Amino acid sequence: MGSLADLEEAGSNETERRFHRAMVEIYQTAMRDLGYNATRFIQMVSERGGLGTARQLLWSDQISDGFETLRSHVALTLLGKHMS
């Protein structure tokens, strides 16, 4: 797996590169804000690029464990904000 800087340079055109960078930022945000290290996600982005990863995740018949974890974090965060 390459460095995050290497990952940000992947992509065949500007739109795809911007989408790829956004996917890397999702990983960085999850790590920074939630303390969630989405190792498999960033590995997929490294191997398939942001667009390829999105396609695989969206077309899968199953919801990934990582997505379920993130959904739980977001739900708890929203509940906490609502309760305060």
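The values are calculated or read from the model by the stated rules, or taken from the named source; none is laboratory data. In this text the structure is predicted, and so the values were computed from the model without any measurement. All Cβ positions, glycine included, derive from the backbone under ideal geometry; neighbour counts span all protein chains shown.
Of all residues in segment 19-31, those that are buried (at least 17 other Cβ atoms within 10 Å of the Cβ) have Cβ atoms under 8 Å from Cβ atoms of residues that are among the hydroxyl-bearing types (Ser, Thr, Tyr), 6 or more apart or on another chain, in 23/53; 30/36.
Those helices (runs of 4 or more DSSP H) of the chain in which at least 1 residues are at pLDDT below 80, considering only elements entirely within it, cover 4-8, 65-83.
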